[in-house]
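The values are calculated or read from the model by the stated rules, or taken from the named source; none is laboratory data. Since this is a predicted model, take the numbers as computed values, not measurements. For neighbour counting, all protein chains shown are included, and Cβ atoms are generated from backbone atoms with ideal geometry for every residue, glycine included. Quick note on the areas: whole protein, heavy atoms, side chains included, nothing else; ligands and nucleic acids left out. Shrake-Rupley method; radii C 1.70, N 1.55, O 1.52, S 1.80 Å.
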Amino acid sequence: MRTISSWKRAAALLAAALLLPLLVACGGAAAPAAEPTAAAEAPAAEPTAAPEATAVPEPTAEPAAPAGDPKSLKILYWQAPTVLNPHVSSGTKDFDAATVILEPFAHYNQNDELVAYLAEEIPTIENGGVAKDGTSVTWKLKKGVKWSDGSDFTADDVIFTWKYASDPKTAATTVSNYNTIKDITAVDANTVTITWITPTPNPYGSFVGFSGMVLQKKQFENCIGEKALTDAACQAANLAPIGTNAYMLKEFKPGDTVTYVKNPAYRGADKTAFDTVEIKGGGDATTAGNAVCQTGEADYAWNLQVPKAALEPILAGGKCQPIAGGSFGVERIVVNFSNPDAALGKKRSEPDQPHPFLTNPKVRQAINMAIDRAAIVENLYGPTGVANCNILVVPEAVNSKNTKCDRDIEGAKKLMDEAGFPEKDGVRAGADGKPLTLYFQTSINTLRQGEQAIIKSNLAELGIAVSLKAVDAGVFFSGDVGIDDTLNKMYVDIQMYTNGPDGVDSQAYLEGWTCGKVNSAENKWNGGNDGRYCNKDYDALFAQYKAEFDTAKRTALAIQLNDLLVSDNAVIPLVNRRTPNAIINGLTGPTYNTFDSGLWNIDSWHK
Amino acid sequence: MTQYIIRKILVAFPTLLLISVLIFAVLALAPGDPLAQFALNPAIPASTRNRIREQFGLDKPWYVRYYKWASSMTQGEWGYSFSSKSPVINIVMQRIPQTLQVVGISYLIAILIAIPIGVISAVKQYTFFDQLATFLSFIGGALPSFFTGLSFMLIFAIHFKWFPIVYSTTLEIKDFATFKHAINQMVLPVLVLVVQQTASLTRFMRSSMLDNLPLDYVRTARAKGLNDTAVIVRHVVVNSIIPVITLVALGIPGIFAGAIITENLFRVNGLGQLLVTSIQSSDTPVVMALSFIFSILVVIFNVIADIMYGVFDPRVKYN
């Protein structure tokens, strides 16, 4: 008798213990249909535990997934959006998710040309919108634009966005696009004149592209300054901005899914194609590609940056088209001009400690000539990269045609001999008899480790031994001054990563090779010139470029700057990386894009 | 008993305090930066990054930050996430249902499968069934979930197209088709977890049964003339299940920790996925909250397991 009653008690308690979590879930409110399915599911799912289960759903189960629905659009990102206010965003994923709701004055298209969104037309010197002396720009805005709550979009919202983003206490990530503005005046409700603090050759620095999205004043009015992140109402607004674009927010689960519906107040609402748009984040690039190209569950997968070997079988699914183009940035090898020798202690990699042999231009040239870019692209990148000799490749106008970087191992060997590093038993050594070795670091990434291996064997052929190191991306790219493995400190001889200009104007990017930007302990390694390259000729040319306001002359100077860096081997460009997105067959609208969000024209996408 | 529980709870407080200090210190000392994504973007100058770090309080030493965190914690204030700029507690609450649904169901199924298999394996030791169960549970236990997950995905989702790859968390169950989809999308992640959990539970149940089977009371029961089923079910299983119940109870906090790899692979927005993405983006407040909730649950379920021992095993007394 005793055993039976204790058995019952055991069963009851066991059941209670197991049901407790489910009860907690019910108490936790936001459980959409969690409980009923949980109850019904348990027995039903049990037999499937054996893979050979007989109760197999037919392939026709698929229509249950609303992916094939022409009225819904499913987008996959392998990074999940976490916030929808682009001005406090923490990465591309957030800018892209915000693009569906909010609009800037103008977006860049796939050819790096401006397309008017909130603006009526693009201001130019010809139409009188841009002041000839570069002191101001006047934008005419579209009339009759409404926010999704029905209120009017006016110049006040524009002025507010500037004040919000430029306040240093807001800590907006877009601040550098707005703190160049001296004042904005509303000429009338639909015309604004932006006056710059210093005359600028680029009139499109503010309110353009993903950093230019305009916020509604009414919604964010009380969020200027520290309250932007700490106030509860502002936190809620950051997750649910009111916008002017074709879609508005329905539901946002930070770090997971954003669901949008048609914005009824949109100026072209009758042409909006989809009833619902969904951006699902998380997972990885490979399965995202499979979900579009193999199973057709989703319509668009963002940035399939996976090695060629993994990408080709995905695309073979045949249900999708890859779009790759523009530039995601140039994968490059940065050469350290300072000495990273650990024996130097605190003087390590400081600008006043010249590198023992990489300061020799012939050695840098030889390394450049020894690298097999074609092999890297063919074996690793496939459609997602193009072998490339320039450090500045976009926009197309500034992509220099004067450079060459074909592999020439014999020429490279000759150069090394001339430089005073003769070869003995496959090893080169300098006058001091020490064999040449390079310490080579990059971030942890299948593609990059593949590149490292190829480059290591290339340089071994030249007689230079390479030690490889791979650092976690979160560490490598962090600006953390407490760690030695960051790219900023560059305590190695050479390192590899991808970078590119942040807009059509290359000034900020090209400034990264000037003497004033050299990283050192003094500026907490935050200058931006991690290779510690310093060349008076380059600085002089850059000063000339900075002072030039004429577009054509600026383009010519930008090309000259690129050519100087490349011919001096200040940095060794390897591959121009494309952003490959996968689009399901039948979806029209998506394009590649270099300087703007891949979803820039989502208002016109349709199936 | 009451005294025992009170004592346990009092001990739990310093334990939790120590755990929180340890986690915080480890997170603070670990490399990484919530702004790492922006490190290379020339549009985001160093001054902005520093300003944001200050806004997050990251410019202060870790013990100052810990003190702030702990004092706001005692007022029920969990802080806000660096990456979504919204209260941590909302984000965590949003994730709990999916985790309980997927991980909880698979745990339940695993228990329901593992106990009978374990019992039969022990009773029919060294038969074909036992050999097969042993073989499969070794395989299930040895294969990592990223391997089984990817293989299942490749076979059942990509090749046969029976189940979807992407777990939709916005699916509303309106009719039979959406209900079917809800079940369908859960099959693969649940399957992966069931394989793993069943494997270890089966072994545990089997060995516990084998410990009990040769004991005197079993012989006595048989001598009484009870039939085999009665002996096994009423006597042996009841006694052998005691340690398994403890194991099950101690495993429940694990449900709340989510299944990091499986959730990430199938895009289930559970707590495990939240934990791993927060660690990757150095989102300290979220990581702190999750690990702290987890620690509390471990302490609670340890107490529950102790109490259950007292209830099921008359030999255990807590006075």
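Quick one: go through segment A:251-274 and flag any residue whose amide nitrogen is under 15 Å from the point 7 Å out along the Cα-to-Cβ line of B:K174.
Within reach of a label on B:K174: A:260-262.
Quick one: Karplus J couplings for segment A:361-368, per residue in order, coefficients 6.51, -1.76, 1.60, θ = phi - 60°, nearest Hz, x for Gly and Pro?
So the Karplus estimates, Gly and Pro as x, are x, 5, 5, 4, 4, 5, 4, 4 Hz.
In Å, what Kirkwood hydrodynamic radius results for segment A:485-553 from the alpha-carbon pair distances? It would help to have the intermediate numbers written out before the result.
Details: mean 1/r = 0.0756 Å⁻¹.
For segment A:485-553, the Kirkwood estimate is 13.2 Å.
Calculate how many DSSP beta bridges within the protein assembly as shown are antiparallel, expressed in % of all such bridges and rounded to the nearest 5. Could you put the intermediate results ahead of the total?
Details: 55 of 75 bridges.
Around 75 percent of the beta bridges assigned by DSSP in the protein assembly as shown are antiparallel ones.
If segment B:104-222 were replaced by its equivalent ellipsoid, with semi-axes equal to the square roots of 5 times the Cα gyration tensor eigenvalues, what would those be, largest first, whole Å? If you can, show how the numbers build up before the last one.
Values: eigenvalues 260, 54, 22 Å².
Sorted largest first and rounded, they come to 36, 16, 10 Å.
Angle between the Cα long axis of helix B:88-99 and the longest principal axis of chain B, 0 to 90 degrees, nearest 10?
Long axis of B:88-99 versus the principal axis of chain B: about 30 degrees.
Estimate the FRET efficiency between A:V481 and B:R234 by the formula 1/(1 + (r/R0)^6), using the beta-carbon distance for r and 60 Å for R0, to the nearest 0.05. List each step's numbers first, then the result.
Details: r = 68 Å, r/R0 = 1.13.
E between A:V481 and B:R234, to the nearest 0.05, is 0.30.
Give, in whole angstrom and from largest to smallest, the semi-axes √(5λ) of the equivalent ellipsoid of segment A:196-332, with λ running over the eigenvalues of the Cα gyration tensor. Mind dumping the intermediate values first?
On the way: eigenvalues 219, 100, 58 Å².
For segment A:196-332, the semi-axes come out at 33, 22, 17 Å.
Let's see if you can work this out: charge +1 on each Lys and Arg Cβ, -1 on each Asp and Glu Cβ, no other charges. What is the dipole magnitude of chain A about its Cα centre, in debye to the nearest 20? Don't skip to the answer; put the middle values down first.
Values: 54 positive and 70 negative charges, 129 e Å.
The dipole magnitude comes to about 620 debye.
Net charge around A:K217, counting only other residues with Cβ within less than 9 Å of its Cβ (Lys, Arg = +1; Asp, Glu = -1)?
Numbers: positive: A:K218; negative: A:D156, A:D157, A:E221.
Net local charge, A:K217 excluded: -2.
Within segment A:212-250, list the residues whose amide N lies under 16 Å from a label point set 7 Å along Cα→Cβ of B:Q75.
In segment A:212-250, the label zone of B:Q75 (backbone N under 16 Å from the point 7 Å along Cα→Cβ) covers A:230-232.
For segment A:535-607, what's the radius of gyration and Dmax over Cα atoms, in angstrom?
Taking only Cα atoms of segment A:535-607, I get Rg and Dmax of 18.8, 55 Å.
Which value, in Å² and to the nearest 10, is the accessible area of B:M93 when all protein chains are kept and the probe is 1.4 Å?
My reading of the accessible area for B:M93 is about 80 Å².
Compute the Cα gyration tensor for chain A, then decide on rounded, prolate or oblate, letting a ≥ b ≥ c be the square roots of its eigenvalues: rounded whenever a/c is under 1.5, prolate when a/b is larger than b/c in the other cases, and oblate in all that remain.
oblate
Of the options A:H355, A:G385, A:V306, report the single residue whose Cα projects farthest towards the positive end of the charge dipole of segment A:299-414 (beta-carbon charges: Lys, Arg +1; Asp, Glu -1).
After comparing all options, I get A:H355.
Calculate for the protein assembly as shown the 222 nm mean residue ellipticity that helices alone would give, adding -39,500 (n - 2.57) per DSSP H run of length 4 or more and normalising by residue count, nearest 500 deg cm²/dmol.
-13000 deg cm²/dmol
Under a 5 Å amide H to amide H cut-off, with H placed in plane at 1.01 Å, what residues pair with A:Y497 once short-range neighbours are removed?
It is A:R332, A:V334, by chain and number.
Relative to 2.2 N^0.38 Å, what does the C-alpha radius of gyration of segment A:188-228 come to as a ratio? Two decimals please. Spell out each step's value before the answer.
Details: Rg = 13.2 Å, N = 41, 2.2 N^0.38 = 9.0 Å.
Computed over Cα atoms of segment A:188-228, the ratio equals 1.46.
Keeping all protein chains in place and using 1.4 angstrom, which order do B:I6, A:I323, A:I376 fall into by accessible surface area, from largest down?
The ranking, largest first, comes out as B:I6, A:I323, A:I376.
For segment B:1-130, what is the convex hull (Cα atoms) projected area averaged across all directions, in square nanometres? Numbers along the way, then the final one.
Working: hull surface 60.0 nm².
Mean projected area for segment B:1-130: 15.0 nm², to one decimal.
Direction-averaged shadow area of the convex hull around the Cα atoms of chain B, nm²? Write out the running numbers ahead of the final one.
Working: hull surface 90.8 nm².
It is 22.7 nm².
Take segment A:357-419, compute every pairwise Cα distance, and split them into 10 Å bins from 0; I just need the percent in each bin.
21, 38, 33, 8
Using a simple spin-label model with points 7 Å from Cα along the Cα→Cβ vector, what separation in nm is obtained for A:A236 and A:D406?
Label-label distance for A:A236 and A:D406, simple model: 6.7 nm.
Out of all Cα-Cα pairs in segment B:254-319, roughly what percent, to the nearest whole number, are more than 20 Å apart? Before the final figure, lay out each step's value.
Values: 951 of 2145 pairs.
Result: 44 percent of Cα pairs exceed 20 Å.
Roughly how large is the B-A contact in terms of buried accessible area, totalled over both chains, probe 1.4 Å, nearest 100 Å²?
Working: alone 18290 and 27270 Å², together 37690 Å².
Buried area between the two chains comes out at roughly 7900 Å².
May I ask for the Kirkwood hydrodynamic radius of segment A:300-452, worked out over all distinct Cα pairs and given in angstroms to one decimal? Before the final figure, lay out each step's value.
Numbers: mean 1/r = 0.0542 Å⁻¹.
With all distinct Cα pairs of segment A:300-452 included, I get 18.4 Å.
Taking the Cα centre of segment A:327-405 as origin, sum charge times position over the Cβ atoms of Lys and Arg (+1) and Asp and Glu (-1), and report the length of that vector in debye to the nearest 20.
On the way: 9 positive and 7 negative charges, 44 e Å.
Using only the charged Cβ atoms, the result is roughly 200 debye.
Can you give me the % of accessible surface on the protein assembly as shown that is carbon or sulfur? Probe 1.4 Å, all protein chains present, nothing else counted.
Values: 22740 of 37690 Å².
For the protein assembly as shown, the apolar C and S fraction of the accessible surface comes to 60 percent.
Determine which residues of segment B:218-243 fall in the zone a paramagnetic label at B:T127 would reach in this model, i.e. backbone nitrogen under 19 Å from the point 7 Å along Cα→Cβ.
B:222, B:227-238
With the crude spin-label approximation of a point 7 Å out along Cα→Cβ, what separation in nm comes out for A:T191 versus A:A547?
Modelled inter-label distance: 3.5 nm.
Find which of B:G118, B:G104, B:T74 sits farthest along the positive direction of the dipole of segment B:14-150, computed with +1 on the beta-carbon of Lys and Arg, -1 on that of Asp and Glu, about the Cα centre.
Towards the positive end, the residue furthest out is B:T74.
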